[in-house]
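Novice: Here's a structure for you.
The values are calculated or read from the model by the stated rules, or taken from the named source; none is laboratory data. As the structure is a prediction and not an experimental result, all values here were calculated from the model. In this analysis, Cβ positions are derived from the backbone assuming ideal geometry, glycine residues included, and neighbour counts consider all displayed protein chains.
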C-alpha cells in the first residue's frame with residue numbers, strides 16, 4: 001500500500017508547480033515580523049504619502065460637516081427624494097456602506113471557522129474597514145430624521161408615558177437591532193484580536209504617553225499561556241457569534257425592500273442576493289485599500305499573491321451569485337406573466353434610467369468575469385481597477401433597485417423622475433472622507449497586520465496555528 | 001492518455017471483490033427492497049393518477065441525492081479540505097446514478113397530465129383562469145419544450161458526472177496532478193452551469209405544479225435541499241464504512257466533527273431560505289403568491305408545516321449544537337437519518353398540496369414510492385461504489401490525513 005510514495009525525481013519537480021504559494025515570504029522570523037509591522041505604526045516617520053491622503057480625506061470629511069450643518073438648519077428638503085421616489089441617495093448609500101462592512105465579518109468569522117489560514121494577515125485590516133463602514137452607514141438613518149438628537153426616541157423601542165412604540169412588523173426597526181448588534185460584535189471582535197499586538201506595541205514604545213495609552217488598551221496582556229488560552233476561547237466564541245451576523249444584517253436590509261409590494265422590490269431572492277452583493281462589494285473595498293497599502297509599505301511578503309488571488313476568487317464567486325440574482329429577477333418577471341412585474345423589468349432596462357441598469361451589468365457582471373483568468377487575478381493593477389468597478393457597480397445596483405422600482409409605479413399619472421441634489425453628493429463624498437480618515441488613522445496608530453497571527457503561520461509554527 | 005479514445009470509460013482499479021462488506025450488503029438489501037416495493041406498486045395501475053402523484057416527491061428526493069452529490073463533488077474540488085477526500089468516492093458514485101435517472105423520469109413524462117395542470121387540455125378547457133395563465137406562459141410551459149429541456153438537463157448532468165469520474169480514475173491510475181487541476185477547473189464553470197440547470201429543473205418539475213405561482217428564490221431552495229439530502233445520505237453511508245479498509249486509514253473523529261458542522265450549516269441554510277421565502281410572501285400578502293402558503297396552512301396541512309419547522313429545523317439545530325454528538329459517527333448518522341426522512345416530508349409538503357389542497361391525506365402509495373425508488377437508487381449507488389476503491393490514491397491530502405489518523409489512534 002506504499003504506492004502513494006512512488007514519486008520519481010521528475011514527478012516531484014513537476015509537482016512543485018502545483019504547490020500553493022507561501023502565505024508569508026520565506027526568510028521571515030518572529031522578530032522580523034514584529035519589526036516590520038511595528039514600524040508601520042508610530043515608530044517611524046510618517047510617510048509623505050500618508051499626510052497627503054490624510055489631508056484630502058480630512059477635507060472631504062469637512063464636507064460632511066457642512067452637509068450636516070446645512071441639513072440641520074434647513075431640513076431634509078435639501079435632499080433629492082420626493083414623490084414618487086421617496087427613498088433616494090440616503091438609503092442607497094446606507095445600504096452601500098453596510099454592505100462593504102460584510103467582508104470584514106466574513107474574513108474574521110467565517111474564514112476562521114473554515115480554518116482558512118490565508119485570512120491571517122488581512123483580517124485586522126478588513127475588520128477595521130467594517131467598523132469605519134458601519135460608522136459611515138449610521139450617518140444616514142441618524143440624519144435622515146432631521147433632528148438627530150431625537151432619533152434615539154424614534155428608533156429604539158422603550159416603555160414611555162405615551163405608550164408609543166415603533167411598528168415591530170416593520171423591517172426598519174429590525175434594521176436598528178441588526179445594525180447595532182453588528183456594530184457591537186464587530187467592535188469586540190476587532191478589539192479582542194488587537195490585544196496581543198497592543199501588548200507588543202506597549203513593550204516597544206519609547207514615548208511615555210504612547211506607552212501608557214498602549215498599556216491601558218492592552219489590558220495587562222502578559223503573553224502567558226493562560227492569557228493565550230482565554231484569548232483563543234474568546235476569539236472563537238466571538239467568531240461563532242459573528243457568523244450569523246454575516247447573513248442576518250444584509251438579510252434584514254433586503255427585507256426593507258422585499259416585504260413591500262413594489263414590483264422590483266418584492267422578490268423572494270432578495271435575502272441571499274443582498275448578502276452575496278454585500279460580500280462582493282466588501283471584498284472589492286478590501287482590495288482597493290490593501291493593494292495601495294501593500295505597495296506603499298512594501299508588504300508584499302506578508303500580503304502575498306496568494307492572499308490577493310484568493311480575495312479575487314471570493315469576489316468572482318460572489319459576483320456570480322449576484323449575477324444569478326439579476327438573471328432570476330428578469331426570468332421570473334417574464335415567467336410570472338404578471339403585467340406589472342414585466343413592465344418594471346422592461347422599464348428598468350429600457351426606460352429613462354436604462355443607462356444605470358446597463359452600466360450596472362457592465363460593472364458587476366461583465367468586468368468581474370475577467371477574473372476567471374489567473375493572469376487577471378494576479379495582476380494587482382487590473383485587480384484594483386476591477387475592484388473600483390465593483391464598488392461603483394454595487395452602488396448602481398442599489399440605485400437601480402431603489403429608483404427604477406419607484407419612479408414609475410402602477411399609475412402613470414404619478415410617474416416622476418429622481419435627481420440627487422448637491423447636498424446628497426456632498427454628504428456621500430463626506431462619508432467617503434470620514435471612512436478614509438478613520439482608515440488612515442488606524443494604519444498609523446495600530447498594527448494593520450496582526451503580528452501574532454502572522455507568526456502563527458510562519459513555517460515551523462504549524463502546531464500553534466489557530467484551530 | 002492519447003492511447004485511450006475519449007469516449008471509452010477508463011477501467012477503475014478495483015473489482016467488486018475488494019468492496020467493503022457493508023457496500024455489498026447494501027446492494028443486496030436495496031435490490032430486494034426495490035423489487036418487493038415495485039411489485040407492491042404494480043397494484044396501483046388501476047389508479048395511474050395516484051401512482052404518478054405519489055411518485056413525483058419520491059423521484060424529486062432520490063434524483064435530488066444524485067444531483068446533490070454532483071454539486072458537492074464540484075464544491076469539494078474547488079474548496080479542497082479533508083472532508084472532500086473522505087467523501088469523494090461517495091459523491092462520485094452518487095453522481096453517476098444520474099445515468100439511470102432519465103429512466104426514472106419516464107413515469108413523470110408519461111403522467112404529465114396528472115401532475116401539471118398546464119399539460120392537461122381537459123382541465124384547461126374547464127378553467128378559464130388556468131387557460132389565461134397557460135396562454136401567457138405557453139411559450140415556456142408546453143410539452144415539447146418541457147421534454148427538450150429535460151433532455152438537456154440530463155445530458156449536462158451525465159456529462160459532468162462521467163467526465164469528473166473519468167478524470168478521477170485516470171488520476172488514480174497515473175498519479176498525474178494535471179488531472180486534479182482538470183477536475184478543479186471543470187468544477188468552476190460546472191458549478192455555475194449546475195446552478196442554472198438546477199434552477200430550471202426546479203421550476204419545471206416543482207414550481208410549475210401550480211402554474212400561477214412564482215418565487216425567485218425557488219432555485220436556491222432546490223439547491224440547498226439537494227445538497228442537504230446528499231450530505232445526510234453520505235454521512236449515513238460513511239458512518240458504516242469508516243471502520244473498514246480503506247477509509248479506516250484516514251477517518252478520525254475530527255473529520256466527523258467537520259461533517260457534523262457542515263450538516264448544521266446546511267440545516268441553517270435550509271431554514272434561512274425557507275424563512276426568507278415565507279416571510280416575504282406572507283408580508284406581501286398578494287393573492288397570486290400567498291395562496292401557495294394558504295394551501296399549506298389549512299385543511300390539515302398546517303400540522304405538517306409545524307412538523308417540518310420542528311423536526312427539519314429545530315430538532316437537528318439543537319442536537320447538532322453538541323460537539324460530542326458531531327464527533328460520534330453513529331450518533332451523527334442517527335440525526336442525518338432523521339433529517340433524510342424529513343427531506344422527503346419537505347418535498348411531499350411542497351408537491352402534494354397541489355393535488356389535494358382540499359384536505360390533508362396520505363395514500364399508501366405516498367409512503368411506498370420513496371421506498372421503491374430509494375431501493376432502486378441505493379442498489380445502483382452500491383453498484384457504482386463497487387466500481388472504484390473508496391479512497392483516492394494520489395491526492396497529497398491523503399498522506400496528511402493518514403498521518404493525522406495515525407496520531408489520533
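Novice: Scan the stretch A:241-259 and tell me whether some residue there is on the phi > 0 side of the Ramachandran plot, in a loop (DSSP other than H, G, I, E, B) and either surrounded by fewer than 17 Cβ atoms within 10 Å (Cβ to Cβ) or within 14 Å of chain B (Cβ to nearest Cβ) (or both).
Specialist: No.
Novice: Can I ask one more? Do we have residue B:310 as more than 12 Å from chain A (Cβ to nearest Cβ), under 27 Å from residue B:248 (Cβ atoms) and without any contact (Cβ under 8 Å) to a residue 12 or more places away in the chain here?
Specialist: no
Novice: Here is a follow-up. Within the stretch A:164-193, restricting attention to residues that are out of contact with any helix residue (DSSP H, G or I) (no Cβ under 7 Å at 6 or more places or on another chain) and part of a helix (DSSP H, G or I), which residue is surrounded by the most Cβ atoms within 10 Å (Cβ to Cβ)?
Specialist: In this case the residue turns out to be A:173.
Novice: Which of (1) assigned to a helix (DSSP H, G or I); (2) within 30 Å of residue A:332 (Cβ to Cβ) does residue B:357 not meet, given it meets every other one?
Specialist: (1)
For every residue, the table says whether it meets (1) farther than 28 Å from residue B:334 by Cα; (2) crowded, with 17+ Cβ neighbours inside 10 Å; (3) within 14 Å of chain A (Cβ to nearest Cβ).
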position: B:249; (1), (2), (3): no, no, yes
position: B:255; (1), (2), (3): no, yes, yes
position: B:263; (1), (2), (3): no, yes, no
position: B:266; (1), (2), (3): no, yes, yes
position: B:270; (1), (2), (3): no, yes, yes
position: B:273; (1), (2), (3): no, yes, yes
position: B:287; (1), (2), (3): yes, no, yes
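Novice: Another question, if that's okay. Across the stretch B:193-244, what is the total count of residues that are within 11 Å of chain A (Cβ to nearest Cβ) and not in a helix (DSSP H, G or I)?
Specialist: The qualifying residues number 7.
Novice: Let me ask another. Filter the stretch A:363-380 for residues that are more than 23 Å from residue A:324 (Cα to Cα) and free of Cβ contacts under 8 Å to residues at least 60 places away in the same chain; which is nearest to the other protein chains (Cβ to nearest Cβ)?
Specialist: Among them, the one singled out is A:375.
Novice: Kindly indicate the residue of the stretch A:391-430 that is farther than 24 Å from residue A:265 by Cβ and under 19 Å from the mean Cα position of the chain (by Cα) and also surrounded by the most Cβ atoms within 10 Å (Cβ to Cβ) among those meeting that condition.
Specialist: Going residue by residue through the stretch A:391-430, those that are farther than 24 Å from residue A:265 by Cβ are A:422-423, A:425-426, A:429-430.
Next cut, under 19 Å from the mean Cα position of the chain (by Cα) only: A:429-430.
Numbers: A:429: 16, A:430: 23.
Top of the filtered list is A:430.
Novice: Further, regarding this structure: Only residues that are within 20 Å of residue B:389 (Cα to Cα) and either within 12 Å of another protein chain (Cβ to nearest Cβ) or in contact with a helix residue (DSSP H, G or I) (Cβ under 6 Å, 6 or more places away or on another chain) (or both): list them for the stretch B:169-192, please. Don't jump to the end; show me each part of the working.
Specialist: Applying the first criterion (within 20 Å of residue B:389 (Cα to Cα)) to the stretch B:169-192 yields B:169-177, B:179-180, B:183.
Hits for the stretch B:169-192 are B:170, B:171, B:172, B:173, B:174, B:175, B:176, B:177, B:179, B:180, B:183.
Novice: Would you confirm, using the coordinates I've provided, whether residue A:63 is within 26 Å of the chain's Cα centre (by Cα) and at pLDDT 90 or above?
Specialist: Yes: the conditions hold for residue A:63.
Novice: Next question, about the same structure. Out of the residues in the stretch B:275-285 meeting the condition of being in contact with a helix residue (DSSP H, G or I) (Cβ under 7 Å, 6 or more places away or on another chain) and either more than 8 Å from chain A (Cβ to nearest Cβ) or not in a helix (DSSP H, G or I) (or both), tell me which one is nearest to residue A:263 (Cα to Cα).
Specialist: Ranking the candidates gives B:282 first.
Novice: Of all residues in the stretch A:387-408, count the ones that are in contact with a helix residue (DSSP H, G or I) (Cβ under 6 Å, 6 or more places away or on another chain) and either within 14 Å of another protein chain (Cβ to nearest Cβ) or not in a loop (DSSP other than H, G, I, E, B) (or both).
Specialist: Looking only at that region, the number is 15.
Novice: Closer than 21 Å to residue B:113 by Cβ, in a helix (DSSP H, G or I) and modelled with pLDDT of 95 or more: does that describe residue B:146?
Specialist: Yes.
Novice: Only one of these is closer than 15 Å to residue B:224 by Cα and in contact with a helix residue (DSSP H, G or I) (Cβ under 6 Å, 6 or more places away or on another chain): B:270, B:301. Name it.
Specialist: B:270
Every residue, every condition in (1) within 15 Å of residue B:376 (Cβ to Cβ); (2) buried (at least 23 other Cβ atoms within 10 Å of the Cβ); (3) modelled with pLDDT of 95 or more, yes or no:
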{"residue": "B:3", "(1), (2), (3)": "no, no, no"}
{"residue": "B:26", "(1), (2), (3)": "yes, no, no"}
{"residue": "B:70", "(1), (2), (3)": "no, yes, yes"}
{"residue": "B:74", "(1), (2), (3)": "no, yes, yes"}
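Novice: Tell me, yes or no, whether the stretch A:143-156 has at least one residue that is away from every other protein chain (no Cβ under 14 Å) and within 21 Å of residue A:436 (Cα to Cα). First the steps, then the outcome.
Specialist: Start the filter on the stretch A:143-156 by keeping residues that are away from every other protein chain (no Cβ under 14 Å), which leaves A:143-156.
This time we only want the ones that are within 21 Å of residue A:436 (Cα to Cα), so: A:143.
Yes, there is a match, as at least one residue in the stretch A:143-156 is away from every other protein chain (no Cβ under 14 Å) and within 21 Å of residue A:436 (Cα to Cα).
Novice: So which of A:20, A:47, A:84, A:26 ends up being exposed (fewer than 12 other Cβ atoms within 10 Å of the Cβ) and either at pLDDT 85 or above or within 29 Å of the chain's Cα centre (by Cα) (or both)?
Specialist: Values: A:47 fails: exposed (fewer than 12 other Cβ atoms within 10 Å of the Cβ); A:84 fails: exposed (fewer than 12 other Cβ atoms within 10 Å of the Cβ); A:26 fails: either at pLDDT 85 or above or within 29 Å of the chain's Cα centre (by Cα) (or both).
Every option except A:20 fails the conditions.
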